[in-house]
Amino acid sequence: MSPAIPGTKTAHKLDLGDIIFFPDAGHSPMAPPDPGETWFCLYDIIEAPVLPTLRPVYGIRDFNGSVPHSIAWYTSNPAEDCREKRCEVGRTLVVKDGKLKKHMDGQVGFRIENKDTVETFAITIAPLKALNARLRSQTDRGLVKVCFLCEKPGKSRCEKCRIRYCSKECQTADWKKNHKNECLPLQRLQEWNILDFDPGRRLWFCVALYTLGVSCVLWGTFEARTDPHFGGAEVAGLPLLCSPPHRPAGTETAHKLDLGDIISFPDAGHSPVAPPGPGETWFCLYDIVEPPIHPALRPVYGIRDFNGSRPHCVAWYTRNPAEDCREKKCEVGRTLVIKDGRIKQFMDGQIGFRIEDKDTVEECQTADWKKNHKNECLPLKRLQEWNVLDFDPGM
């Protein structure tokens with residue numbers, strides 16, 4: 001999935017399916033947003049709290065229909081705040097910069113400590129998507145200033161959402177029919193469309209560098225205006241090898257692998273919290289940046305993802321951790337590859353990976369792939385395997 005196209009006041013290009021700006025339950029960030037960064041979590045409220053007057057806990061479900069999660073209110077006046085925000089079954093819950101957490105009872109969900117981070121709509125996610133698709137369709141057909149009800153030339157506007165109508169009669173009819181519940185969602189859709197979610201337009205996916213007919217993938221923070229036509233793409237000493245763009249889906253003869261795709265190669269901020277579904281898989285790529293303090297006991301290495309986020313850790317909980325680390329060549333300066341890795345929070349507060357099966361970890365490769373093929377062989381083999389791998393048959 002490509003990054004959302006920035007919209008304008010006249011071009012509605014908002015993509016509610018962009019999991020960077022509208023993450024689902026499987027890709028909810030675990031780290032807080034960076035300065036200037038934001039996202040919105042959209043969930044249907046499907047279950048009322050058992051004890052609404054104490055600490056309300058609602059059942060919620062994301063737009064992909066995943067297993068239900070929960071939202072627990074930890075504000076100073078939770079019951080009153082729920083009423084103020086109209087947190088009710090059948091409405092859409094919007095959580096700004098939401099991070100899924102595991103509660104004491106084992107449930108996974110959101111912990112709301114500031115009521116201002118929450119908003120609800122009087123419609124569910126399905127009609128919200130339909131409204132957004134309608135706005136996009138009007139823009140695509142050049143119908144920017146037409147009546148939202150009948151598509152005749154618009155003469156008046158709703159004062160709140162700025163949607164146009166051809167007459168007061170149409171506006172009144174639409175208010176009674178739909179607009180009373182759609183007004184606030186339409187406001188937000190238009191605000192999100194022109195919102196610069198990240199001022200630097202950090203490309204969480206990739207920046208393609210085209211040199212001598214070869215496309216490399218570079219991870220990092222760049223502006224969208226950056227000229228891609230320059231040479232040398234390295235991240236922590238790793239030039240990532242891919243071939244020319246604009247080719248069909250990956251096959252044994254067409255290499256279309258995108259190592260910047262955070263669904264198949266998630267960074268620390270978008271590591272899935274749920275196990276993979278049937279036929280689904282992903283790979284977490286990390287630089288090993290710090291050796292363990294007690295390598296002979298339970299080795300815990302410091303690691304950092306391709307976005308250069310704050311360091312995390314990988315702790316070995318296999319039957320023979322020290323021996324398995326040696327076998328996998330887990331050393332500083334090498335690349336760690338974890339299949340279907342899920343970041344967890346440890347008892348000491350650190351966040352990282354808990355390795356219980358050594359077969360989920362690739363033999364770590366050196367960061368300097370340029371010098372000789374001995375170090376390039378396995379990475380090149382994996383790049384080609386991943387290129388033809390169907391990461392998720394349902395994608």
Checklist entry - What residues have an amide H closer than 5 Å to that of residue 300, excluding those fewer than 5 places away on the same chain, when H is modeled at 1.01 Å from N in the peptide plane? => result 293, 294
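Taking a threshold of 31 Å on the Cα-Cα distance, which of the pairs 115/145; 101/160; 13/160; 99/329; 101/329; 96/329 fall above it?
Numbers: 115/145 35 Å; 101/160 35 Å; 13/160 21 Å; 99/329 34 Å; 101/329 33 Å; 96/329 41 Å.
Going by Cα-Cα distance, 115/145; 101/160; 99/329; 101/329; 96/329 fall outside the 31 Å limit.
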Item to check | Cα-projected label distance for residue 145 with residue 111, points at 7 Å along beta-carbon direction, nm | outcome: 5.1 nm
Checklist entry - What's the percent breakdown of Cα-Cα distances in region 86-206 across 5 Å bins, shortest bin first? => result 2, 9, 15, 19, 17, 14, 10, 7, 4, 2, 1, 0
Next on the checklist: Can you tell me how region 7-151 classifies by the Cα gyration tensor, rounded, prolate or oblate, using a/c under 1.5 as the rounded cut?
Outcome noted: prolate
Item to check | Positive minus negative residues near residue 186 (Lys, Arg vs Asp, Glu; Cβ under 10 Å) | outcome: +2
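How would you order 276-286, 80-90 from highest to lowest mean count of nearby Cβ atoms within 10 Å?
Values: 276-286: 17.6, 80-90: 15.5.
Listed from highest to lowest mean packing, they are 276-286, 80-90.
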Item to check | Over region 287-355 - Rg/Rh using Cα atoms and the Kirkwood inverse-distance radius | outcome: 0.92
Checklist entry - Once amide H atoms are built 1.01 Å from N in the peptide plane, which residues 5 or more positions from residue 60, or in another chain, come under 5 Å H to H? => result 46, 69, 70, 71
Item to check | Whole-Hz ³J(HN,Hα) from phi, Karplus 6.51 cos²θ - 1.76 cosθ + 1.60, for region 176-183, glycine and proline x | outcome: 5, 7, 9, 5, 4, 8, 9, 4
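Read the figures in this text as sums done on the coordinates, not as results from a lab. What you see is a predicted model; the values in this text were computed from it and never measured. Counting neighbours? That spans all protein chains shown, and the Cβs are built from the backbone with ideal geometry, glycine included.
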